[in-house]
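The next block holds one structure in the form of structure tokens; read it before the comments.
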Amino acid sequence: HLKVVFPTFGGLDYDIKTNIDVSGSCNAFYDGSLNFYEEGGGCHATAKLPDVVYHEYGHAINNGRYNSGSGMWNGGLNEGFADVWALSLTESPVLGFGWDLVDPTISVRRYDQDRKVYPQDLVGEVHADGEIIAGAFWDLYLNLANMPQMLDLFKYTYDSGVDGPDGDEGAIYTDLLLEVLYADDNDADLSNGTPNDVAIVSAFSLHGITLVSNAVINHTPVEVANSNTNI
């Protein structure tokens, strides 16, 4: 799947050490190796959940390919993009379905309900904050009705240089919207629109990401105004 999106990238052409049944429960992580927790705490062993595996490998892609291998600084961006890799493989809005040992309907995250919207849903937790940008790309896929086309736009963000510290998601996500529009542009002139600008802008807008996302309006209310009898 990675080679379809980045056919010339060879930075992950090696066996990644994978640890399963790691002590703990209900989690997985990437630290240069792929690590999946054992069954317990009400959760299945996470190595048994394919899209959780895809998500963790997505972190390897983010680390090895983003900005020519410099990796990602922003935690929400890293988590959100790892979700996009998983969702693009399953083409399902539900990530980690079957996570719970007792209730098979419980999942880790899902993108078909309760959209996360900037700024009200920016909470300072990287997985939750990542749902904002991942949701924008999921809705872009829905608007385009074409996963390879969505991935064609998504991949161009990897050379964009867009990044920043945690807390700067508003600026980062807005810059990513602009990068996607640049990727879609076919005549080097954004002022006349792009072939899929409606699909792109509307998808990101559903998550509060717009080209004026960071505008701050200072308004001093007028409590008393002079009367005017002119009609």
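Summary table
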read-out: Calculated log₁₀ intensity ratio I(q)/I(0) where the Debye formula runs over C-alpha points of region 67-131, q = 0.12, 0.13, 0.19 Å⁻¹; value: -0.36, -0.42, -0.82
read-out: Under 21 Å from residue 3, Cα to Cα: lysines that are on another chain or at least 8 residues apart; value: 17, 155
read-out: Tensor-based shape of region 40-86 (alpha-carbon gyration tensor, a/c under 1.5 rounded, otherwise prolate or oblate); value: prolate
read-out: Zone of residue 178's modelled label, taken as backbone nitrogen in region 118-158 under 16 Å from a point 7 Å along Cα→Cβ; value: 157-158
read-out: FRET efficiency, residue 23 to residue 202 (Cβ-Cβ, R0 41 Å, nearest 0.05); value: 0.35
read-out: Equivalent ellipsoid, the chain (semi-axes from 5 times Cα gyration tensor eigenvalues, Å); value: 36, 23, 16
read-out: Per-peptide average of other Cβ atoms within 10 Å, ordering 104-110, 86-92 highest first; value: 86-92, 104-110
read-out: Cut-off under 5 Å, modelled amide H: who pairs with residue 110 long-range; value: 95
read-out: Accessible area of the chain belonging to carbon and sulfur atoms, whole % at 1.4 Å probe; value: 51
read-out: Full-extension gain in nm, residue 211 to residue 114, via 0.36 nm per residue minus C-alpha separation; value: 32.7 nm
read-out: Cα-based convex hull volume of region 1-67 per residue, rounded to whole Å³; value: 82
read-out: Accessible area (Å², per residue) of the chain, counting only protein heavy atoms and a probe of 1.4 Å; value: 51
read-out: Summed side-chain charge close to residue 199 - residues other than residue 199 whose Cβ falls under 11 Å, Lys, Arg +1, Asp, Glu -1; value: -3
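The values are calculated or read from the model by the stated rules, or taken from the named source; none is laboratory data. Since this is a predicted model, take the numbers as computed values, not measurements. Glycine also receives a Cβ, built like all others from the backbone with ideal geometry; neighbour counts cover every protein chain displayed. To get the accessible areas, we keep the full protein, side chains included, count just its heavy atoms, and leave off ligands, DNA and RNA. Shrake-Rupley method; radii C 1.70, N 1.55, O 1.52, S 1.80 Å.
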